[in-house]
Amino acid sequence: MLVVAALVGCAAPAPPPEVTPTPAPAATPAPTRPIAVAVRAGSPTPTVEIQGDFASNVKPTLLAIQDDFKRLEAQLAAATKAPQIMAQDDWRNQLLGIAQDLLVASTNLRSLSARITTPSPLKPQVQKLTDDVDFVGNEFRMALDYDPDSTHMIRAARAEKTTRAEVDSLLDQLH
């Protein structure tokens, strides 16, 4: 019996199946191109500098930002009175539109203040304001897009109050 078990255990294993390799598709040679020579491109059209008083140039944009903040505050007040509307697409789309308007106005103010050539002590404040308005707009967008624990909404609401006060202060200084 032991001999039979030893003979069975010594049997040669079955040969592996033959695998025939399939030829890989040959890469088609790319058409040859002549080597290009770098040629200096002309300078871009320069941005026109804005002449005039800094305050009179930025005031309309600051007023537009102030109006956007008033619309934002009204939108948030409606949600404070009836929190269930925050789940409605219409309310969310309106808030998203206001946030987008804030971001556009901030970009306009940033580019406008960069183009004004007259020096002004308010220029650094305007630059800080554009960053703060961007923060408010982006936080509200993130609050609407993805905010499972409401942290973006809380930060956005707090930043909205301080940034609105900043806009009001800056407009008072321009008078």
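Rule-based calculations on the coordinates, nothing more; no lab input. Keep in mind it's a predicted model, so treat the numbers as computed, not measured. FYI the Cβ positions are ideal-geometry reconstructions off the backbone, even for glycines, and counts take in every protein chain you see.
Worth a mention:
- Maximal additional length on extending the residue 125-residue 169 stretch stands at 14.8 nm, based on 0.36 nm per residue less the C-alpha distance.
- Its Cα centre serving as origin, the stretch 54-174 has a Cβ charge dipole (Lys and Arg +1, Asp and Glu -1) of approximately 340 debye.
- Total lysine pairs whose alpha carbons fall under 21 Å of each other in the stretch 54-174 (8 or more apart, or interchain): 9
- Considering every alpha-carbon pair of the stretch 54-174, the percent of pairs per 5 Å bin, from zero through the bin containing the longest distance, is 2, 12, 22, 24, 16, 11, 7, 4, 2, 0.
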